[in-house]
Structures are given as structure tokens and as C-alpha cells.
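A quick write-up on the structure given underneath.
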Amino acid sequence: MKIRVALVSALLAVSGCTTLGRGGPTSPVTPVSTPPAGGKVSTSIVSAMNGGLIGGSIGSGLSDAEKRKGLEAEYKALEYNTSGQKVTWKGDNASHYGEVVAAQPYRVGSQDCRQYTHTVFTGGAGVTARGTACRNADGSWTPLT
């Protein structure tokens with residue numbers, strides 16, 4: 001009986017990851033290859049991320065400027081980098097820095113989505129948060145977790 005309950009639970013969890021799109025087979029999603037000139041990300045794009053992962057507990061103890069750098073790194077990892085490629089950022093305080101790594105993109109309905117991790121180091125200790133974000137038509141990313 002316990003095995004049946006576990007099996008049904010596992011199937012329900014996996015079924016939540018499927019889509020019912022009507023556009024035929026989905027094609028692999030590839031990130032955009034070139035970041036904007038100067039490396040800066042527009043304020044509206046960053047604002048659409050609603051604080052991202054760094055806006056949570058991993059960003060406590062960081063200045064607003066450091067959080068902005070971390071959020072820009074999240075966007076760059078999601079938008080421009082291939083799976084497993086790190087985007088690093090350095091804070092104003094030399095002991096504050098971080099890295100963001102996005103996983104392989106996938107499609108849910110008409111949106112491109114990616115899982116990603118953000119590790120923040122403050123004074124040598126690293127704290128990692130994991131999340132998922134989906135790309136909007138305007139090029140912004142909305143975190144789901």
C-alpha cells in the first residue's frame with residue numbers, strides 16, 4: 001500500500017511538469033548569444049524579476065548596489081549563458097561576491113524557462129538558493145520560486 005501511495009505521488013509530481021501545447025513538437029531553446037553593449041541590463045528588465053533569488057534570504061547583509069549586481073548576474077545567466085556556465089559578480093565589499101548558474105532551457109507552453117542557482121559569499125561562507133524563471137515576451141524573466 002505504501003508503495004502505491006509513493007508511486008501515485010511521484011506520478012502526480014511528474015505530471016505537473018508536462019505541457020499541453022498545441023504547436024506540435026517543441027524545439028530546443030537556446031539562449032541569446034550576446035549581452036547588451038556595456039554589459040548593463042535595463043532597469044525595467046531587472047525590475048520585472050521581482051528581486052530574483054538574491055532578493056530572498058541569501059541577499060541579507062548585502063547593500064542595494066550589491067543586490068542589483070547579483071540580480072543583473074541572474075538575468076545574464078538566464079538570458080545569455082549556456083547550461084552550466086557561471087556568471088560572477090563582485091560587491092563593493094571585497095568579501096561579498098556571488099555566482100549564478102542556469103540549467104538547460106526548456107519550454108512550457110509558449111514560454112522558455114530555466115532552473116538556476118545563485119550562490120552568495122559573504123566573508124567566505126557561501127549560501128545557495130535554487131529557483132526557476134520563465135522568459136516573458138518583452139525579454140524579462142519572471143521567477144516562479
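Does at least one position in the range 128-135 carry a residue that is surrounded by 15 or more Cβ atoms within 10 Å (Cβ to Cβ), of a type in the set (S, T, N, Q), in a strand (DSSP E or B) and touching a strand residue (DSSP E or B) at 6+ places or on another chain (Cβ under 8 Å)? Yes, the range 128-135 contains a residue that is surrounded by 15 or more Cβ atoms within 10 Å (Cβ to Cβ), of a type in the set (S, T, N, Q), in a strand (DSSP E or B) and touching a strand residue (DSSP E or B) at 6+ places or on another chain (Cβ under 8 Å). Residues in the range 103-122 that are more than 12 Å from the chain's Cα centre (by Cα) and assigned to a strand (DSSP E or B) were compared, and the one that is surrounded by the most Cβ atoms within 10 Å (Cβ to Cβ) is Val120. Pairs meeting the criteria (first residue in the range 125-145 and on the phi < 0 side of the Ramachandran plot and free of Cβ contacts under 8 Å to residues at least 60 places away in the same chain, second residue in a strand (DSSP E or B) and β-branched (Val, Ile, Thr), beta carbons under 9 Å, at least 6 apart or on different chains) are Gly126/Thr119; Gly126/Val120; Cys134/Val108; Cys134/Thr142; Arg135/Thr142; Leu144/Thr132; Thr145/Thr132.
Do the conditions hold for Thr19, that is, is it of a type in the set (Val, Ile, Thr), at pLDDT below 95 and touching a Gly at 6+ places or on another chain (Cβ under 8 Å)?
Working: of a type in the set (Val, Ile, Thr): yes; at pLDDT below 95: yes; touching a Gly at 6+ places or on another chain (Cβ under 8 Å): yes.
Yes; evaluated as a whole, the condition is true for this residue.
Scanning the range 75-102 for residues that are of a type in the set (Ser, Thr, Tyr) and buried (at least 18 other Cβ atoms within 10 Å of the Cβ), we see that the one that is farthest from Ser63 (Cα to Cα) is Tyr75.
Kindly list, by first and then second residue, each pair from a residue in the range 92-107 that is farther than 28 Å from Asn136 by Cβ to a residue that is part of a strand (DSSP E or B) and among the aromatic types (Phe, Trp, Tyr), limited to pairs with Cβ atoms under 9 Å and residues at least 6 apart or on different chains. The qualifying pairs are Ser95/Phe121; His96/Phe121; Tyr97/Trp89; Tyr97/Phe121. Restricted to the range 108-127, and to residues there that are in contact with a strand residue (DSSP E or B) (Cβ under 9 Å, 6 or more places away or on another chain) and aliphatic (A, V, I, L, M), the residue that is nearest to Pro143 (Cα to Cα) is Val108.
Considering (1) in a loop (DSSP other than H, G, I, E, B); (2) closer than 23 Å to Ala137 by Cβ; (3) touching a helix residue (DSSP H, G or I) at 6+ places or on another chain (Cβ under 7 Å), the lone condition that Glu72 does not fulfil carries the number (1).
The values are calculated or read from the model by the stated rules, or taken from the named source; none is laboratory data. Values in this document were obtained by computation on a predicted structure and should not be read as measured data. Neighbour counts run over all protein chains shown; Cβ positions are idealised from the backbone, glycine included.
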